[in-house]
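**Q** After the structure tokens below, expect a handful of questions from me.
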Ligand SMILES: Cc1ncc(COP(=O)(O)O)c(C=O)c1O
């Protein structure tokens with residue numbers, strides 16, 4: 001007997017995983033697909049991992065280990081200007097789990113969450129899984145992929161809307177929200193008494209623009225759940241450790257749900273994460289500088305070959321317009337892979353308003369990026385309308 005629940009059957013298959021699989025099977029493919037750092041975790045992190053390997057065979061407290069929460073509190077104060085207590089924090093299996101828990105604990109059936117579109121491909125299915133209703137907030141290339149507060153206001157249903165999702169720096173557009181825009185979004189959340197889910201996974205990967213946490217703005221600690229991860233800044237994706245900070249009542253509810261899902265984030269990863277927060281900043285800074293070097297090359301070349309690309313101020317992605325070739329980003333990505341042996345992610349993966357664009361990741365070594373761009377140039381010349 002095979003029976004799969006309807007809610008799962010309706011979840012979209014991520015095309016990105018098929019593309020990454022195809023790219024991995026063919027050694028001649030250059031992949032600009034991955035959403036994870038290509039660099040190794042900094043050396044001290046590798047050393048801590050070895051050091052704790054024989055001390056981590058027990059479960060941790062569900063909400064997170066004490067010394068990790070203490071280290072997070074210091075980090076939040078220093079880097080995010082957020083004041084938190086241990087009760088405001090939950091440590092999870094990556095920030096993805098924290099996002100899922102927050103959804104489970106805030107949205108009843110058919111309640112609405114406003115989600116920027118295009119945005120991280122994990123958001124839409126997550127809300128759908130819990131029978132919440134994701135309301136797309138269209139972002140525009142002509143507005144540098146910023147959120148327009150007037151558009152946001154218009155989408156709010158005072159009875160049904162429960163939360164607004166924001167992601168700064170953004171995957172896939174690289175947009176970094178300014179303090180002024182964050183203040184306007186904060187005002188809307190206060191006016192309508194809504195949660196802000198602030199996904200700050202790429203907080204340390206910014207270029208010439210500061211990262212600001214909406215949770216640090218006046219009075220916003222009551223409305224904001226902020227999501228952080230060790231995956232990107234510390235190149236620790238495989239450790240699966242992240243955390244959320246928010247109002248105690250919601251964090252309590254998330255912790256209860258977490259007990260029934262994963263019980264606790266991996267103990268070894270938590271031990272290493274606590275130490276990771278104490279390593280010299282130079283390790284993170286050198287990764288950021290490397291991304292910045294690649295960013296300058298890839299953005300210029302993409303624009304030069306006719307794939308218009310808004311300059312990203314954060315994360316490690318470019319989001320390029322392919323509409324002069326085709327409106328079908330899936331077709332573009334599959335042909336590019338088959339003919340030119342370059343893997344990119346179709347923009348539609350990030351929501352309906354991502355159609356007509358492709359995402360390239362520059363979490364890939366510079367010589368590979370250069371090869372990919374040479375191949376893309378020939379492909380674009382051949383197919384442009
Ligand atoms: C914007 C964004 N948020 C959250 C995640 C989840 O990351 P993790 O679960 O590794 O913390 C990702 C992963 O790519 C992401 O791009």
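For (1) touching a strand residue (DSSP E or B) at 6+ places or on another chain (Cβ under 8 Å); (2) within 16 Å of the ligand (Cβ to nearest atom); (3) modelled with pLDDT of 95 or more; (4) within 29 Å of residue 146 (Cα to Cα), each residue gets a yes or a no:
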residue	(1), (2), (3), (4)
225	yes, yes, yes, yes
228	yes, yes, yes, yes
238	no, yes, yes, no
242	yes, yes, yes, yes
272	no, yes, yes, no
287	no, yes, yes, yes
309	yes, no, yes, yes
315	no, yes, yes, yes
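**Q** On to the next question. Quick check: anything in the stretch 327-334 closer than 16 Å to residue 19 by Cβ, out of contact with any helix residue (DSSP H, G or I) (no Cβ under 9 Å at 6 or more places or on another chain), away from the ligand (no atom under 16 Å from the Cβ) and without any contact (Cβ under 8 Å) to a residue 12 or more places away in the chain?
**A** yes
Conditions (1) touching a helix residue (DSSP H, G or I) at 6+ places or on another chain (Cβ under 9 Å); (2) modelled with pLDDT under 95; (3) outside the structural domain of residue 240 (by TED's automatic domain parsing); (4) at positive phi, marked per residue:
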position: 95; (1), (2), (3), (4): no, no, no, no
position: 101; (1), (2), (3), (4): yes, no, no, no
position: 111; (1), (2), (3), (4): no, no, no, no
position: 117; (1), (2), (3), (4): yes, no, no, no
position: 128; (1), (2), (3), (4): yes, yes, no, no
position: 131; (1), (2), (3), (4): yes, yes, no, yes
position: 138; (1), (2), (3), (4): yes, no, no, no
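**Q** Also, quick follow-up: Show the residue pairs meeting these rules: Cβ distance below 6 Å; 6+ apart or different chains; first residue within the stretch 239-256 and within 18 Å of residue 214 (Cβ to Cβ) and touching a residue at least 12 places away in the same chain (Cβ under 8 Å); second residue in a helix (DSSP H, G or I) and within 15 Å of the ligand (Cβ to nearest atom).
**A** 242/94; 242/95; 242/98; 243/72; 244/98
**Q** If you don't mind, another one. Would the stretch 172-181 turn up any residue that is more than 20 Å from the chain's Cα centre (by Cα), more than 16 Å from the ligand (Cβ to nearest atom) and either without any contact (Cβ under 8 Å) to a residue 24 or more places away in the chain or not in a helix (DSSP H, G or I) (or both)?
**A** yes
**Q** Considering every residue within the stretch 70-93, establish whether at least one is within 20 Å of residue 193 (Cβ to Cβ), without any contact (Cβ under 8 Å) to a residue 24 or more places away in the chain and either over 20 Å from the mean Cα position of the chain (by Cα) or more than 14 Å from the ligand (Cβ to nearest atom) (or both).
**A** No, the stretch 70-93 has no match at all.
The values are calculated or read from the model by the stated rules, or taken from the named source; none is laboratory data. Because the structure is a prediction, the values reported are computed rather than measured. For neighbour counting, all protein chains shown are included, and Cβ atoms are generated from backbone atoms with ideal geometry for every residue, glycine included.
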